[in-house]
Every structure is written in C-alpha cells, then in structure tokens.
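Trainee: Got a structure here, written out as structure tokens. Questions coming.
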Amino acid sequence: MLKRWGAVIQNNYRTPSITLVKGKGVVVTDADGKTYLDFLGGIATSVLGHAHPVVVKAVTKQISTLSHVSNLYAHPNAIALAQRLVEMTGQKSAKVFFCQSGAEANEAALKLSRRTGKVRVVAAQDAFHGRTMGALSLTGQPSKREPFLPLLKGVNHIPYGQIEAMRKAVTKKTAMVIIEPIMGEAGVIVPPVDYLCQLRALCDEKGALLVIDAVQTGMGRTGDWFGYEYSGITPDVITLAKGLGGGLPLGAMIALGKAADLFQPGDHGSTFGGNPVTTAASLAAIDFITSKKILRKVRKQGESLIQELALIPGVKQVRGAGLLLGIELESLKAGDIADALQEAGVLVNAANLTTIRIAPALIVSDLQINRFISTFKKVIADAK
Ligand SMILES: *Cc1c(COP(=O)(O)O)cnc(C)c1O
C-alpha cells in the first residue's frame, strides 16, 4: 500500500511508515491490524477521538438530510455554531467567518486586517500559521518560507515571548499582530505569563488588531476554549481549525468588537464555508465537551502529566497546557523516540529535534494516560 503512496501522492510529504484504516476512541488500527494508542490525535484535531458516537450520529443525520448549500444560502447549523462560538468568546459583538483549514482562517484574518486601511503585520519567529502564500507570509519558519520567496511584503518576524521586541516592531502603521497563545509546531513553546496582556496593551496603544491563532490551542485543548483565556485579554480576532470540526475539516475566523464589521459584502468567501455536515460535527463535539465537563478534566490531566513526565530520567522539561504538551529530551533525538514509541504502539510526533509533542483526544482516560507514561518511560530507558 505504501509503495502506491509514492507513485500517486506528490513528494511534499515524506512517505509515511504506516497506513491507518480504522479507529475507536483513542485507539487506531493500521493496515496490518496493529493497534496504537493515538497520543497525537491527528495533530491536535480529533478532539473526541475516532468514531465518537455523538459525532457519527450528527454527521450521519445531516449527510442524509442535506450535505451542502454553498454560501448563497443559510443553514441552521452554521448559524447555531456561530452562535456557540460567539458565546464562547464572551463578546456579544463577535461575528464568525467559516472556512475549512487553519491556513484559510489566517488568510481571512490577514484580509480582514487590510480593511483597517493599513498593511503591515508583526508575527513571531518560528510561529506556524499555515502554508498558503498569505499564511506562509505570516509563518516565521525560514525552511518553509525560503523556497517560496518573495512572499507578502511588510511582515516583520520578531522573537516570541519578548515584549520589548514587540514594542520596537509594532507601530501606528501596524495593521495586525498575530500570535499563537502557545507555539505548537515550533515545539510547544509557552510565553511568559504576562505576555499576552502586555501585547494587548501595546496593540491598543498603536491601534493594531491582535489576532490570536488558536488553530492548535483551540477547542478545549489547553483546558480553556481557545487557550488565551488565562491572560484575561479580549483579542480582536481568533482563528480556529484543527479541533473545531470534531475531526472533520472546519475552520473559522472570529472577529470581535469593531473588527467584526470590517468585511463588506463581496470581500471574502468560501464555497464550503459553514458546511452543514462539518458544522453538525462541531456542534456535537462542543455539546459533548460542555455537558461532560471535559475542560476541567483536561486541565487536571495536563497538570498531572506535566508533573509525572518531568520526573522521568532523560526528560529535560515539559511545556504546554492541558493536553497540548511538549516533552523536551535531554540528549535523545525526538525523532528516534517518536519512532520507538510507534514501534511500541504509541503515536506521537517530534515537534522539533529535541521535543516530543502529545495532543491526544480530550476524552482520553486516566488509564490510557498511565499506559502512555509507562510506555514512554520504557522507551526512554531502552534508548539510553
Ligand atoms: C496547523 C496550524 C495552522 C494551519 O492549519 P492547516 O489546517 O494545516 O492549514 C495554522 N496555525 C496553527 C497554530 C497551526 O497549528
């Protein structure tokens, strides 16, 4: 099967080492019938795990009723989901644009910022905001950018978590500042606790939109809905994707306050945006997370994971919040450990050369977490 991958799939990804064919909860099965504890969750995406009954039911019902309407017509699911997202921001004035992916959500934020009449953007070095040309212009990773230069002009990348660097970079000419509450792809990097608050004050002073890229931290992953709430700030824009669709492709750009009315008819669009099936999945996932008090569980599990993982010999530091954690290794290579974990039946990924990232489904049980920890311990001990 994987030989065929190389023949028909373009060379932009490395050929994967396994083919997954089914899943249930936090367990996935490959084409050879081997099962894995899925501690990556499709890169922080499958918030309710695989084949969750509430998602299956909602999607099945919707797809057999009406699967697509385009943006020329309204659909109750899109309206209901937008309503939920607005409530989750705590700002009645918020308004939602739906798309399919994180890159598109950030593209939408970028276009929205042009409607301020300004064009300059400040973003963080090493930040990841997506791969399309606009989103890639925001992304601060040279290896991903350089083959595709020139990108958009006027985007300034400065060190993450350093408010002084921001103070030098953000001016009255800045249209927007985009920042991840925790940098996911860069290796689960957490900023100083007062960073977002100081950034909010700076953006207010200079009249720049503050865009929170919650594509990876969103939908309860950190134990809060979007990942910035601990800071007490109100952003101007929040972008979402990954977990938003409960495992289905759905993205959103939420604009708050004055920013909510920047787009005018004809300014932006997406044929699939607010699709009835993906929004049904999202609503089902949000209902489940809310009614089962999953956020509280995620917070507690994150705290105990950080404590327990940090005690393992060979682990230098554990960063993150809730169920988005980066395990930095002292000397072992993260890629080798990720491979060894896969061999041992656990899926994770190497977010950078020294950091293992875990982002399991939010429904993961304490038992499954203990199984992960004991396998991780054994793999590290064997590798030393
Ligand atoms: C994954 C990610 C994106 C891009 O999302 P796609 O759906 O792959 O386009 C953007 N921002 C952050 C923070 C991400 O983690």
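Trainee: Please report V8, V193, V177, V379 as a ranked list, fewest other C-beta atoms within 10 angstrom at the top and most at the bottom.
Mentor: V8, V193, V379, V177
Trainee: Still on this structure, I have one more. Whole Å is fine, so just give me how far the alpha carbon centre of the stretch 61-92 lies from that of the stretch 176-230.
Mentor: About 26 Å separates the Cα centre of the stretch 61-92 from the one of the stretch 176-230.
Trainee: Moving on to the next point. Specify whether the C-alpha gyration tensor of the stretch 56-291 places it in the rounded, prolate or oblate class, a ≥ b ≥ c being the square roots of the eigenvalues: rounded for a/c under 1.5, otherwise prolate if a/b is larger than b/c and oblate if not. Write down the numbers at each step before the final one.
Mentor: Numbers: a/c = 1.70, a/b = 1.56, b/c = 1.09.
Prolate, because a/c is 1.5 or more and a/b exceeds b/c.
Trainee: Wrap a convex hull around the Cα atoms of the stretch 1-133, take a quarter of its surface area, and give that in square nanometres.
Mentor: Dividing the Cα hull surface by four gives the mean projection, 12.6 nm².
Trainee: Let me ask another. For the chain, modelled as a Gaussian network with Cα springs under 10 Å, which listed residue fluctuates most, V211, V364, V69?
Mentor: V69
Trainee: Then there's this: Can you sort Y230, Y160 so the residue with the fewest Cβ neighbours within 10 Å comes first?
Mentor: On the way: Y230 14, Y160 21.
By the 10 Å Cβ count, ascending: Y230, Y160.
Trainee: Once you order the gyration tensor axes a ≥ b ≥ c over the Cα atoms, which shape class does the stretch 116-180 get: rounded for a/c under 1.5, otherwise prolate or oblate by comparing a/b with b/c?
Mentor: It is oblate, given that a/c is not under 1.5 and a/b is not larger than b/c.
Trainee: In terms of the Cα gyration tensor, with a ≥ b ≥ c the square roots of its eigenvalues, is the stretch 125-248 rounded because a/c is under 1.5, prolate because a/b exceeds b/c, or oblate?
Mentor: Oblate, because a/c is 1.5 or more while a/b does not exceed b/c.
Trainee: What residue among L362, L250, L305 has the largest mean-square fluctuation in a Gaussian network model of the chain, using Cα springs under 10 Å?
Mentor: Highest fluctuation of the listed residues: L305.
Trainee: Sticking with this structure for a sec: Rank D38, D126, D287 by mean-square fluctuation in a GNM of the chain with C-alpha springs under 10 angstrom and give only the top-ranked residue.
Mentor: Ranking D38, D126, D287 by mean-square fluctuation puts D287 first.
Trainee: How high is the relative contact order of the stretch 56-291, given as a whole-number percent (alpha carbon pairs under 8 Å, six or more residues apart)?
Mentor: About 29 percent, as a whole number.
Only the coordinates and a few stated rules stand behind these numbers; no lab work does. All values derive from a computational prediction rather than experimental measurement. Neighbour counts are summed over all protein chains in view; Cβ atoms, including those assigned to glycine, are modelled from backbone coordinates with ideal geometry.
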